[in-house]
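Here the structure comes first, spelled out in structure tokens, and everything after it is commentary.
The values are calculated or read from the model by the stated rules, or taken from the named source; none is laboratory data. All figures in this text were calculated on a predicted structure; none of them were measured in a lab. Reconstructed Cβ throughout: ideal geometry from the backbone, glycine too, with neighbour counts over all protein chains shown.
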């Protein structure tokens, strides 16, 4: 029991190493460097939401185009999908608007195709899709440095991302 006070006295004089709790200055500086690097890379990407909005618009455009194709087949009525620089619209071939899908407000214009284009689903009540170009219809959703391309196949009307 007598050794404990001696150890305490030696530790106070610097004879024995005293264990300290906490972080060293080197560890704190390294954490600050890592946090700074992440902030420099990730923060600008998170602040620019245009790419996210365009991706969401592209997904919505793909989903709505597929829904309109199914609607044309179920109702046995031709449906026309029109694409221009301000967005997409869907209507019955005989008249009557079904849906307008405008570009996101922060990314207008968002479709980078020259001039309006269209595709008719269930053309002639045959189940076929016929485009205004006579071939597969590319739809490029683009604004700034972000570009996403969809392709509507002629004959089947399948819409899919195009590399």
Do we have any residue at all in segment 73-95 that's surrounded by fewer than 18 Cβ atoms within 10 Å (Cβ to Cβ), on the phi > 0 side of the Ramachandran plot and out of contact with any strand residue (DSSP E or B) (no Cβ under 8 Å at 6 or more places or on another chain)?
yes
Within segment 133-144, residues surrounded by fewer than 15 Cβ atoms within 10 Å (Cβ to Cβ) and without any contact (Cβ under 8 Å) to a residue 24 or more places away in the chain come out as 133, 134, 135
With the first residue restricted to segment 106-130 and required to be at positive phi and modelled with pLDDT of 90 or more, and the second required to be exposed (fewer than 13 other Cβ atoms within 10 Å of the Cβ) and in a loop (DSSP other than H, G, I, E, B), Cβ contacts under 8 Å at 6 or more apart or on different chains are 122/76
